[in-house]
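Chemist: Pasting in a structure now, in structure tokens, and then I'll have a few things to ask.
The values are calculated or read from the model by the stated rules, or taken from the named source; none is laboratory data. Predicted model, so just to flag it, every value in this text is computed and none were measured. Cβ: placed from backbone, ideal geometry, glycine included. Neighbour counts: every protein chain shown.
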Amino acid sequence: MRLSILYHRYDRAIWIRVIGTILTTLTGFAIRPFLALYLYNKTGNLFDIGIILGLAPLMGVLANIWGGGLADKYGRKPLMVWSLLFQGVSMLGYIFAVSPLHFALVSVLNGVASSFYFPAANAQIADIVPIGQRSEVFALMHTALNVGAALGPLLGLFMISINQSLTFLASAITLIIYGLLVLALIPETLHYKVPSAESGSVPEVEVTINPEQISYKGHKFLFKFTLLAIPITLLYAVVESIFPLYLQANFTNYLTIFASLVTMNGILVVLIAVWLAKKTEKLHTPSVLLVGYILFACVGAGYGLGTWTKVIPLLFAAEVIFTIAECLTFPNQSKLLSVIAPDHMRARYFSIFSMNWGLSKSLGPILGVLVFARLGGLWLFLSLSCLLLVSGASMYYLTSTQKQVNLDEGKVNQASL
């Protein structure tokens, strides 16, 4: 009975997205923890790895705003379908690549394809989910992602022991299957109007609005909000690209340690993400975000010191803090963004905000390699911790003094009642 209530709580499209996300992240996380090591074995050059890993998100940044504009003009569904199919093709490309140039070209294709998916997908949630449930649904999607993150690294270890190409083939298959599911089962939501919390009225079709240009002058909060999110995603980029190499330099069983950390994070997110989102739904969002930044700063220090001192329990303690930080931060970032974005500009708001991921993942591996090679992993992670503390204080000031955010806080709390 409770499962039935839970199923009917959300639109069918949300559950299809959940299933597709689990499938693709399961195989995606079978690759992600080991991709830097895979490329290092193929190229043998640390700086080639930084460039190859940075190319995909860099291309994503360049294509991001274009993708958001297309999603606002032509719809969420076609962008999502084509993105997933081309991501699948790029995964096949990794199997046949034999030189740094080949890997770079595949990385470019993957970056452009990926950049079209998330702005459309996040805008789709804002299209069909009432304001009071958005933080909860974004947390649900984050949970689905981490179901794959929990099991993927162990699956990756198993498939790598058989054949490294198996991981890329499995990822390609699941991405294509997910794309076909979206094509067959999810309707277009661009002109869907969410029923108001007060009236419960039936959704109506809105008048089509030609996309407007987004300028810094007219949308200062969006650009500042995006800029201050970069240190968090920079930490993620460094963890994905440099942290495995840092572990390799200090532990003989580095693969097992890294896979175990990622798996534990995924399991914990599955267990607490939605629950934590519900508990923090009515709290002051700027304060929740500030706590998240402080916790991320602790994570950076924990990774740096735990690896340097070779104290494995410290690494796992940092991973627990990491889990709580992301469960607090990401759903609240997405909720805040969804309520301040004008209805006809949602995809472009999310596309601009997602540029913080692209910028971090393009610059993170390159800058991370430079700092790691010169100063070592300890100073790399400690410097990230300091950056997170400064940006967290700035984010709190930005969001707590913004009149629009305070008005929308009231809207969200009323809709949650």
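Chemist: Among (1) farther than 19 Å from residue 164 by Cβ; (2) surrounded by fewer than 24 Cβ atoms within 10 Å (Cβ to Cβ); (3) of a type outside the set (Lys, Arg), where does residue 125 come up short?
Modeler: Here residue 125 meets the rest and fails (2).
Chemist: Follow-up question, since we're still on this one. Would you please list the contacts, defined by Cβ atoms under 7 Å and residues six or more apart or on different chains, that run from a residue in region 272-293 that is more than 11 Å from residue 335 (Cβ to Cβ) to a residue that is assigned to a helix (DSSP H, G or I) and among the small types (Gly, Ala, Ser)?
Modeler: As it stands, the answer is 273/139; 274/139; 282/416; 286/400; 290/392; 292/325; 293/391; 293/392, since those pairs meet every condition given.
Chemist: Identify, please: which residue in region 244-271 is under 23 Å from residue 370 (Cβ atoms) and in contact with a Pro (Cβ under 9 Å, 6 or more places away or on another chain) and is, among those, surrounded by the most Cβ atoms within 10 Å (Cβ to Cβ)?
Modeler: 258
Chemist: Which residue pairs have Cβ atoms under 7 Å apart, sit 6 or more places apart or on different chains, and have a first residue in region 14-34 that is assigned to a helix (DSSP H, G or I) and a second that is of a type in the set (Phe, Trp, Tyr)?
Modeler: Close Cβ pairs satisfying both conditions: 15/7; 20/178; 23/178; 24/178; 31/168; 33/258.
Chemist: Select from region 264-317 the residues that are charged (D, E, K, R) and in contact with a helix residue (DSSP H, G or I) (Cβ under 9 Å, 6 or more places away or on another chain) and write down the one among them that is nearest to residue 153 (Cα to Cα).
Modeler: Top of the filtered list is 310.
Chemist: Would you mention how many residues in region 7-33 are modelled with pLDDT under 80 and within 18 Å of the chain's Cα centre (by Cα)?
Modeler: Residues in region 7-33 being modelled with pLDDT under 80 and within 18 Å of the chain's Cα centre (by Cα): 2 in total.
Chemist: Then there is this: What is the number of the single condition among (1) within 29 Å of residue 97 (Cα to Cα); (2) at pLDDT below 80; (3) in contact with a Leu (Cβ under 9 Å, 6 or more places away or on another chain) that residue 167 does not meet?
Modeler: (2)
Chemist: Among the candidates 224, 282, which residue alone is basic (Lys, Arg) and under 27 Å from residue 348 (Cβ atoms)?
Modeler: 224
Chemist: Next question. Kindly indicate whether any position in region 286-304 is at pLDDT below 95, crowded, with 18+ Cβ neighbours inside 10 Å and polar (S, T, N, Q).
Modeler: No, that holds for no residue.
Chemist: While we're on this one: Could you check, for region 94-103, whether at least one of its residues is in a helix (DSSP H, G or I), surrounded by fewer than 20 Cβ atoms within 10 Å (Cβ to Cβ), over 13 Å from the mean Cα position of the chain (by Cα) and of a type in the set (Val, Ile, Thr)?
Modeler: Yes; the residues of region 94-103 include at least one that is in a helix (DSSP H, G or I), surrounded by fewer than 20 Cβ atoms within 10 Å (Cβ to Cβ), over 13 Å from the mean Cα position of the chain (by Cα) and of a type in the set (Val, Ile, Thr).
Chemist: Restricting to region 57-87, count the residues that are of a type outside the set (Ser, Thr, Tyr), out of contact with any His (no Cβ under 9 Å at 6 or more places or on another chain) and surrounded by 24 or more Cβ atoms within 10 Å (Cβ to Cβ).
Modeler: So the count comes out to 11.
Chemist: Out of (1) surrounded by fewer than 24 Cβ atoms within 10 Å (Cβ to Cβ); (2) part of a helix (DSSP H, G or I); (3) in contact with a helix residue (DSSP H, G or I) (Cβ under 7 Å, 6 or more places away or on another chain), the odd one out for residue 238 is which?
Modeler: That leaves (1) as the condition not met.
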